[in-house]
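In what follows, a single structure is set out as structure tokens and then discussed.
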Amino acid sequence: MKLNTKLLLGVLSVLVVGIALLIGTKSYFNNKEVNVASDKCYAKGGTPKVEMTFLTLGYNFSCENK
């Protein structure tokens with residue numbers, strides 16, 4: 001293999017790992033936020049309603065009181 005091909009493969013590998021790390025981090029912290037919000041909602045006597053969005057890696061949260 002030529003040096004340019006090896007360099008390109010190395011850069012692409014680092015890029016893929018970096019993107020996977022960023023997606024994983026975003027998902028992890030969204031999960032933590034939803035868990036904390038759900039616990040607070042249950043403490044107030046409500047029922048949490050969570051809608052996750054796939055493409056934007058976001059969520060909508062609401063606490064419905066009984």
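The values are calculated or read from the model by the stated rules, or taken from the named source; none is laboratory data. If you're wondering where the values come from, they're calculated on a predicted model, not measured in any experiment. Cβ atoms come from the backbone with ideal geometry, glycine included; neighbour counts cover every protein chain shown. What goes into the accessible areas is simple: the full protein's heavy atoms, side chains included, and nothing from ligands, DNA or RNA. Shrake-Rupley method; radii C 1.70, N 1.55, O 1.52, S 1.80 Å.
For Phe61, neighbours were defined as the other residues whose beta-carbon sits under 13 Å from its Cβ, and their charges (Lys and Arg +1, Asp and Glu -1) total -1. I want to verify the translational diffusion coefficient of the chain in µm²/s; compute it with Stokes-Einstein, Rh as the Kirkwood radius over Cα pairs, at 37 °C and 0.692 mPa s. Approximately 226 µm²/s, per Stokes-Einstein.
Dipole of the chain computed with +1 at Lys/Arg Cβ and -1 at Asp/Glu Cβ about the Cα centre; of Gly10, Asn65, Met52, farthest Cα towards the positive end is Gly10.
Placing +1 on the Cβ of every Lys and Arg and -1 on the Cβ of every Asp and Glu, with no other charges, gives the chain a dipole of roughly 180 debye about its Cα centre. Other residues whose C-beta falls under 12 angstrom from the C-beta of Gly45 contribute a net charge of +2, scoring Lys and Arg +1 and Asp and Glu -1. Over the chain, dividing the summed -39,500 (n - 2.57) contributions of all DSSP H runs of at least 4 residues by the number of residues returns a 222 nm mean residue ellipticity of -23000 deg cm²/dmol.
Rolling a 1.4 Å sphere over the protein heavy atoms, what is the accessible area per residue of region 5-44, to the nearest Å²? Mind showing how you got there, number by number?
On the way: 3290 Å² over 40 residues.
For region 5-44, the solvent-accessible area averages 82 Å² per residue.
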